[in-house]
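Enquirer: Input: one structure, supplied below.
The values are calculated or read from the model by the stated rules, or taken from the named source; none is laboratory data. Since the structure is predicted, the reported quantities are computational estimates derived from the model, not experimental observations. Positions of Cβ are generated from backbone atoms using ideal geometry, with glycine treated the same way; all protein chains shown enter the neighbour counts. Note: areas computed on protein heavy atoms with side chains; ligands, DNA, RNA excluded. Shrake-Rupley method; radii C 1.70, N 1.55, O 1.52, S 1.80 Å.
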Amino acid sequence: MKDSRRANAVSSSLAILEVVADCGVGVTAKEIAHRLEMAPATAYRLINALVADEYLVRTADLRGFGLGVRLRGLAGALNSPVVPGAARQCLNEFRTTTRFAVHLMNFRTDTVQVVSEDPDHPVQGERELVRHLHASAAGKLLLSTRTQWRAMVSDPARITTHTHVEHAALAEEMRAIRETGYASAVNELVAGIACLAYPVYSENGTAEGALCLSGPSGRLAALLEHDEPARKYSKQLGPLLY
């Protein structure tokens, strides 16, 4: 019986780690318990043990969790797609043509992942980016590819005063993204920041990631002037990555 309980605890702990890895930094204990259909008391006990052993770490605001130092490197090696030299060269070429930030994101089942951050312009609001798809350009681009997008944002949080949280407004955005071929977020994830996201396709036509262009929201018109090269480079990146 004792061995059985130990095995169940190990299995449940691994399931918790999988949820944190899948949802990204900031997932809460309540969300973990809900997703695993686990009793909250059991989830809290196992999470606290994982934190004590450094498999998990609390976020700075103490509200959520991320992978700890004993897992972060392994998780990155397993989950991060390799950015080959040709793709890095393509990204660097685009970066030299603009003063705006150029980032490469990868799509996972329920979130986005930063795989190449502009070295001169760090990603802003990364915690919110991976946790709240409806508030970022890359997240909205991912949602637009999923027929079940409403279930993925059943209770959208208002990150800033400009974040769109009404499902009718989000549905209109999904339609516009599919029609125009890109997504945008202006002051929705981080106040004062605008971002455009362009799909990066695999050879079978599936959007596997996003090429993102980001800068001050007051310079949105200047960002949009890079629409044509952004489309060109996102198209070039597809066969180099996927």
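Okay, residues lined up against (1) open to solvent by 20 Å² or more (accessible area, probe 1.4 Å); (2) on the phi < 0 side of the Ramachandran plot; (3) outside any loop (DSSP other than H, G, I, E, B); (4) of a type outside the set (Gly, Ala, Ser):
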residue: Glu128; (1), (2), (3), (4): yes, yes, yes, yes
residue: Ala138; (1), (2), (3), (4): no, yes, yes, no
residue: Ala151; (1), (2), (3), (4): yes, yes, yes, no
residue: Ala168; (1), (2), (3), (4): yes, yes, yes, no
residue: Leu196; (1), (2), (3), (4): no, yes, yes, yes
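Enquirer: Condition test on Arg146, is it in a helix (DSSP H, G or I) and surrounded by fewer than 21 Cβ atoms within 10 Å (Cβ to Cβ)? First the steps, then the outcome.
Expert: Numbers: in a helix (DSSP H, G or I): no; surrounded by fewer than 21 Cβ atoms within 10 Å (Cβ to Cβ): yes.
Against the criterion (in a helix (DSSP H, G or I) and surrounded by fewer than 21 Cβ atoms within 10 Å (Cβ to Cβ)), Arg146 does not qualify.
Enquirer: Can you tell me which of Arg58, Arg70 is of a type in the set (D, E, K, R), open to solvent by 20 Å² or more (accessible area, probe 1.4 Å) and out of contact with any helix residue (DSSP H, G or I) (no Cβ under 9 Å at 6 or more places or on another chain)?
Expert: Only one candidate passes the filter, namely Arg70.
Enquirer: Going through the stretch 198-221 one residue at a time, which ones are farther than 15 Å from Met105 by Cα and either touching a strand residue (DSSP E or B) at 6+ places or on another chain (Cβ under 7 Å) or part of a strand (DSSP E or B) (or both)?
Expert: Answer for the stretch 198-221, where residues must be farther than 15 Å from Met105 by Cα and either touching a strand residue (DSSP E or B) at 6+ places or on another chain (Cβ under 7 Å) or part of a strand (DSSP E or B) (or both): Gly215, Pro216, Ser217, Leu220.
Enquirer: Considering only residues that are open to solvent by 30 Å² or more (accessible area, probe 1.4 Å) and either in contact with a Cys (Cβ under 9 Å, 6 or more places away or on another chain) or of a type in the set (A, V, I, L, M) (or both), look in the stretch 76-111 and name the one that is modelled with the lowest pLDDT.
Expert: Ala77
Enquirer: Please state which of the following conditions Thr161 fails to meet, knowing it meets all the rest: (1) among the β-branched types (Val, Ile, Thr); (2) touching a His at 6+ places or on another chain (Cβ under 8 Å); (3) surrounded by fewer than 17 Cβ atoms within 10 Å (Cβ to Cβ).
Expert: Thr161 satisfies every listed condition except (2).
Enquirer: Counting only residues that are open to solvent by 40 Å² or more (accessible area, probe 1.4 Å) and either acidic (Asp, Glu) or over 19 Å from the mean Cα position of the chain (by Cα) (or both), how many does the stretch 179-194 have?
Expert: Looking only at that region, the number is 2.
Enquirer: Return the residues of the stretch 198-214 that are of a type outside the set (D, E, K, R) and open to solvent by 20 Å² or more (accessible area, probe 1.4 Å); say none if nothing qualifies.
Expert: Tyr201, Asn204, Gly205, Thr206, Ser214
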